[in-house]
Structure formats: structure tokens, C-alpha cells
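Step one of this worksheet: look at the structure below.
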Amino acid sequence: MRSPRLFVVWLVVVFSAAGLGDIVYLSRQRNTSVEFSCVSTHGKEKPFAFSLIRDWVKPDKVLYMNFGASPTIFNERDKNRILVQSGGEHQQVNVNITFLLGRHTDLYRCVFHYDYENMFMDHPGKTKYFLYVDDVSIRQPQASCCPPKQIAISQAKEAEAAVAFKD
């Protein structure tokens with residue numbers, strides 16, 4: 001059975017979709033990868049740059065890329081995890097994130113940046129992506145002093161001592 005947190009996240013995404021536009025739900029396991037295919041909603045002009053932004057759990061910029069240059073990846077821990085590929089007229093950008101961890105769970109949005117006679121404008125991508133990473137290592141205790149049976153016996157003795165103390 002999936003965790004209750006996943007169900008709550010699913011409810012938020014479903015009920016937010018009406019106000020936020022198209023949202024694609026992606027579920028991945030720890031250490032797998034995901035690809036966001038970002039397509040511009042403004043097909044008339046050629047954008048000069050692209051951004052990927054986290055919007056929900058930890059709002060922050062993920063990356064910024066001027067077309068023709070290497071992307072700037074803002075989180076140092078993700079520098080070797082993210083690959084960006086751009087199509088011909090820069091109307092489509094694919095972002096691949098590898099070796100996913102639970103901390104990558106978030107709502108991601110793509111933004112295309114345009115220059116209209118020295119006036120900069122941002123246009124969102126067609127789709128937002130909700131990424132849930134099932135990271136088993138987060139749910140399991142990191143370190144345990146004792147085997148489960150020993151812990152249960154210890155807790156029972158503590159409860160017994162507390163009852164005896166009250167009497």
C-alpha cells in the first residue's frame with residue numbers, strides 16, 4: 001500500500017490542476033531518472049533563454065540557460081545530475097534529471113524568456129510537471145541501536161517501570 005503522504009500529494013495535484021493548467025504527474029523511484037519535455041506556448045518568436053523552476057515544496061530556480069551557452073544549475077548537488085537539450089528554434093527543451101532523491105519531489109514549471117525590442121517577457125511552457133520520488137531511505141530509520149525485538153522489550157520494561165512509579 002502506498003503512503004498516506006502520496007495520497008495527500010495526489011489530492012493537491014488533482015485539485016490544483018484546474019487553476020494551474022496542464023499538470024503531468026510523474027512517479028519515480030530513488031536513483032532513477034526523469035525527463036521533462038518543455039514546449040513553449042509562444043510559437044511566433046525565438047526565445048533567447050530558458051528556466052526550470054520548482055514551485056511548491058521548495059520554491060527555487062533549478063536552472064537557467066541562455067541558448068548557445070551551458071546551463072547554470074543553481075543547486076551544487078545537482079550539477080552532475082541534470083542534462084539539458086534544446087530543439088532547433090528553441091521552442092522545445094528537454095531536461096533530464098538523473099539519480100533522483102526524495103528531495104527532488106516538487107512541482108516543476110518551464111519558462112521561456114523572450115526579448116521584444118529590449119523588453120523582456122517570460123512565457124510558461126505548456127505543461128507543468130509534478131514529480132514524486134519514492135525514496136525508501138527517507139522512511140526507514142537511519143540507524144538503530146538494537147534489533148526490533150530488543151527495542152520492544154525495552155519499551156515494555158520502561159512502560160512497566162512508569163506504571164510502578166505512579167503506584
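The values are calculated or read from the model by the stated rules, or taken from the named source; none is laboratory data. All values derive from a computational prediction rather than experimental measurement. We place every Cβ from the backbone using ideal geometry, glycine too, and count neighbours over all the protein chains shown. Note: areas computed on protein heavy atoms with side chains; ligands, DNA, RNA excluded. Shrake-Rupley method; radii C 1.70, N 1.55, O 1.52, S 1.80 Å.
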### Message
Can you tell me which of (1) in contact with a helix residue (DSSP H, G or I) (Cβ under 8 Å, 6 or more places away or on another chain); (2) farther than 16 Å from Arg28 by Cα is the one Leu107 doesn't meet?
### Response
(2)
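Thr127: modelled with pLDDT of 95 or more, surrounded by 10 or more Cβ atoms within 10 Å (Cβ to Cβ), closer than 16 Å to Val62 by Cα and within 23 Å of the chain's Cα centre (by Cα), yes or no? Can you show your working first?
Working: modelled with pLDDT of 95 or more: yes; surrounded by 10 or more Cβ atoms within 10 Å (Cβ to Cβ): yes; closer than 16 Å to Val62 by Cα: no; within 23 Å of the chain's Cα centre (by Cα): yes.
It is false that Thr127 is modelled with pLDDT of 95 or more, surrounded by 10 or more Cβ atoms within 10 Å (Cβ to Cβ), closer than 16 Å to Val62 by Cα and within 23 Å of the chain's Cα centre (by Cα).
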### Query
Which condition number does Val95 fail, the rest of (1) open to solvent by 70 Å² or more (accessible area, probe 1.4 Å); (2) at pLDDT 95 or above being met?
(1)
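I'd like to verify a number: residues in segment 51-92 that are of a type in the set (S, T, N, Q), touching a Phe, Trp or Tyr at 6+ places or on another chain (Cβ under 7 Å) and at pLDDT 95 or above, how many? Spell out the reasoning first.
So in segment 51-92, the residues of a type in the set (S, T, N, Q) come out as 51, 66, 70, 72, 75, 80, 85-86, 91-92.
Now restrict to residues that are touching a Phe, Trp or Tyr at 6+ places or on another chain (Cβ under 7 Å): 51, 66, 72, 86.
Those still in the list that are at pLDDT 95 or above too: 51, 66, 72.
Number of matching residues: 3.
Is it the case, given these coordinates, that Asp78 is more than 22 Å from Asp22 (Cα to Cα) and in contact (Cβ under 8 Å) with a residue 60 or more places away in the chain?
Details: more than 22 Å from Asp22 (Cα to Cα): yes; in contact (Cβ under 8 Å) with a residue 60 or more places away in the chain: no.
Considered against the rule, which asks whether it is more than 22 Å from Asp22 (Cα to Cα) and in contact (Cβ under 8 Å) with a residue 60 or more places away in the chain, Asp78 comes out as no.
Of all residues in segment 76-92, which are open to solvent by 40 Å² or more (accessible area, probe 1.4 Å) and more than 19 Å from Asn31 (Cα to Cα)? Please lay out each step first, then the result.
Within segment 76-92, the first condition is being open to solvent by 40 Å² or more (accessible area, probe 1.4 Å), and the residues that meet it are 76-77, 79-81, 83, 85-86, 88-89, 91-92.
Across segment 76-92, the qualifying residues are Gln85, Ser86, Gly88, Glu89, Gln91, Gln92.
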### Task
Can you run down the residue pairs with Cβ atoms below 9 Å, 6 or more apart or on separate chains, where the first is in segment 43-65 and over 13 Å from Gln92 (Cα atoms) and open to solvent by less than 10 Å² (accessible area, probe 1.4 Å) and the partner is at pLDDT 95 or above and among the small types (Gly, Ala, Ser)?
Leu63/Ser51
### Task
Report yes if Asp122 is touching a His at 6+ places or on another chain (Cβ under 7 Å) and either part of a strand (DSSP E or B) or at pLDDT 95 or above (or both), otherwise no.
yes
